[in-house]
Amino acid sequence: MTEIAFIGLGNMGGPMAKNLLKAGHRVAGFDVDPAALARHRAGGGSLAESAARAVAGAEIVFSMLPAGSHVRDLYLGAGGVIAATRGRDVLLIDGSTIDVATARDVAAAAREAGLAMLDAPVSGGVGGAVAGTLTFMVGGDDAAFARARPILAAMGRNIVHAGAAGAGQAAKICNNMILGVSMLAVCEAFVLADRLGLSREKLFEVSSTASGQCWSLTSYCPVPGPVPGAPSNRDYAPGFATALMLKDLRLAQMAAVDAGAKTPLGAEAAVLYGEISEAGLALKDFSVAFRWLSDRSAAAPGDEPL
Ligand code: NAD
């Protein structure tokens, strides 16, 4: 049994904290949203009045917050987690998806305060958080990773040590850049097939076993029909929301600019997912790009849709 402080009990953090409780740990929760706190208490967790109070007796601090600015404030702010735990034998783990630069800055500040810290963003969505089957991509040193592993195993199934501080965030945004770009490629192929009079089923039959094969096609097909469990069969209810894909693509672009990496397709994917969000589809699954592209194709001047 480990004393854990859990900060950020939202759509992901709430069920993750519940899985820590189920595994027999004591979890002191803090969130700025009273409804999230109430759910944590109902699940058997204890409540803290502030982040500093939550971490007071903790051996491990886990945070699951919306963005880098929240993580900076929580750890580096006056009365923040690093000030409250300085010099103690506490392991800090941030599971939020944030920019690589912030993850590295916060880890460096923790190190200076004599604290171990890991970035450990996840994939697997709310379904994975509830089921305890998340993938963790972890950045930090070997000893901190070994210490975190049994705690992460209570919330996830696939736990990968990606490298030094920031490597977890790097792995997450690189993977999601592949996903965002490959999904758009699959969507465009189906839009073109429609307009050429090639049946969607035939394109799926060919490409799912040919060189166009990829996860976006065979596990998450953006047109209704070929993959029954895909969000395209339920009016694009997420799944993985367009807004979250846009967030990750923008994080990838920030990192690419900082690192001097040329990622033109990632950049274009970020632009397109921005337009899809602005079209009112931010809360739909990101595979809704097919419907959006299809509608735009049908509306091309002088063109009749097939
Ligand atoms: P969410 O908005 O549901 O939860 C965030 C929680 O943090 C909220 O309850 C909010 O009240 C709380 N919070 C904000 N500022 C706080 C502060 N200063 N102190 C304490 N609590 C604070 O978001 P989510 O869907 O749970 O996502 C959390 C993180 O996980 C994000 O970084 C997101 O990108 C990432 N993520 C989400 C998904 C997903 O499918 N939802 C999948 C993978 C990764």
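The values are calculated or read from the model by the stated rules, or taken from the named source; none is laboratory data. For clarity, every value in this text was computed on a predicted model and none was experimentally measured. Glycine also receives a Cβ, built like all others from the backbone with ideal geometry; neighbour counts cover every protein chain displayed.
For region 277-289, the condition holds for no residue, the condition being that it is within 19 Å of residue 177 (Cβ to Cβ), part of a loop (DSSP other than H, G, I, E, B) and away from the ligand (no atom under 16 Å from the Cβ).
Residues being surrounded by 23 or more Cβ atoms within 10 Å (Cβ to Cβ) and not in a loop (DSSP other than H, G, I, E, B): count how many of those fall in region 49-59. Reasoning before the result, please.
Going through region 49-59, the residues surrounded by 23 or more Cβ atoms within 10 Å (Cβ to Cβ) turn out to be 51, 54-55, 58.
Among the residues that remain, those that are also not in a loop (DSSP other than H, G, I, E, B) are: 51, 54.
Residues that pass the stated criteria total 2.
Looking only at region 28-48, which residues are without any contact (Cβ under 8 Å) to a residue 12 or more places away in the chain and either surrounded by 19 or more Cβ atoms within 10 Å (Cβ to Cβ) or within 10 Å of the ligand (Cβ to nearest atom) (or both)? Hits for region 28-48 are 32, 34, 35. When 114, 139 are checked against the criterion of being closer than 24 Å to residue 88 by Cα and either modelled with pLDDT under 95 or in contact with a strand residue (DSSP E or B) (Cβ under 9 Å, 6 or more places away or on another chain) (or both), a single residue qualifies: 139.
Restricting to helices (runs of 4 or more DSSP H) lying wholly in region 179-270: which have 2 or more residues that are under 20 Å from the mean Cα position of the chain (by Cα)? Let's see the steps before the verdict.
Values: elements: 200-207, 215-218, 242-259.
In region 179-270, 215-218, 242-259 are the helices (runs of 4 or more DSSP H) which contain 2 or more residues that are under 20 Å from the mean Cα position of the chain (by Cα).
Between 101, 107, 146, the distinction of being touching a Gly at 6+ places or on another chain (Cβ under 9 Å), more than 26 Å from residue 265 (Cα to Cα) and not assigned by TED's automatic domain parsing to the domain that holds residue 218 belongs to 107 only.
Note on region 66-102: residues that are of a type outside the set (Val, Ile, Thr), part of a loop (DSSP other than H, G, I, E, B) and either in contact (Cβ under 8 Å) with a residue 60 or more places away in the chain or near the ligand (Cβ under 10 Å from one of its atoms) (or both) total 7.
In this structure, does residue 23 turn out to be buried (at least 24 other Cβ atoms within 10 Å of the Cβ), assigned by TED's automatic domain parsing to the domain that holds residue 125, more than 30 Å from residue 245 (Cα to Cα) and at pLDDT 95 or above? Write out each step before concluding.
Details: buried (at least 24 other Cβ atoms within 10 Å of the Cβ): no; assigned by TED's automatic domain parsing to the domain that holds residue 125: yes; more than 30 Å from residue 245 (Cα to Cα): yes; at pLDDT 95 or above: yes.
Against the criterion (buried (at least 24 other Cβ atoms within 10 Å of the Cβ), assigned by TED's automatic domain parsing to the domain that holds residue 125, more than 30 Å from residue 245 (Cα to Cα) and at pLDDT 95 or above), residue 23 does not qualify.
The set of residues in region 2-20 being charged (D, E, K, R) and either within 24 Å of residue 240 (Cα to Cα) or within 13 Å of the ligand (Cβ to nearest atom) (or both) consists of 18 alone.
Could you tell me which residue of region 30-48 is nearest to residue 81 (Cα to Cα), considering only residues that are assigned to a helix (DSSP H, G or I) and not small (Gly, Ala, Ser)?
Step one: list which residues in region 30-48 are assigned to a helix (DSSP H, G or I), which gives 34-42.
From the residues that got through so far, the ones that are not small (Gly, Ala, Ser) too are 34, 37, 39-41.
Working: 34: 20, 37: 19, 39: 23, 40: 20, 41: 22 Å.
Out of the qualifying residues, it is 37.
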